[in-house]
């Protein structure tokens, strides 16, 4: 863990952000007190979260009966067109 002052961060922000990637975690201090941490961003997961979804048994059995409904945007546009000015 490396500690830097706010003044150092302000003077060379880009340099310290790149260094956070190499060093891991940087603590930013003000008058000797830690006020912030710079941590490297985690890599995005290889598989999206919702790709791993697990459907309930009830939904799986009802899924075959579900059909496409009216598009909500079409309904809202229709309501706006019918509105009294």
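Could you state the angle between the C-alpha long axis of helix 72-82 and the longest principal axis of the C-alpha atoms of the chain, as a value from 0 to 90 degrees rounded to the nearest 10?
Relative to the chain, helix 72-82 is tipped by roughly 70 degrees.
Please list the three semi-axes, largest first and in whole Å, of the ellipsoid equivalent to segment 8-52, using sqrt of 5 times the eigenvalues of its alpha carbon gyration tensor.
29, 12, 8
Return the label of the correct value of semi-axes √(5λ) of the Cα gyration tensor in Å, as calculated from the structure shown, out of (i) 52, 25, 11; (ii) 27, 18, 9; (iii) 22, 13, 11.
(i)
Please report 23, 9, 55 as a ranked list, fewest other C-beta atoms within 10 angstrom at the top and most at the bottom.
55, 23, 9
Taking Cα pairs under 8 Å and at least six residues apart, what relative contact order does the chain come out at, in percent?
It rounds to 20 percent for the chain.
What is the helix-to-structure angle for 13-23, meaning the angle in degrees between its Cα long axis and the longest Cα principal axis of the chain, kept from 0 to 90 and rounded to the nearest 10?
Tilt of helix 13-23: around 90 degrees.
Using helices alone, what [θ] at 222 nm do you get for the chain, with -39,500 (n - 2.57) per DSSP H run of 4 or more residues, divided over all residues and rounded to the nearest 500?
So the helix-based figure for the chain works out to -11500 deg cm²/dmol.
Throughout, read-outs are computed from the coordinates displayed, never taken from laboratory work. All values reported here derive from a predicted model rather than from experimental measurement. Counting neighbours? That spans all protein chains shown, and the Cβs are built from the backbone with ideal geometry, glycine included.
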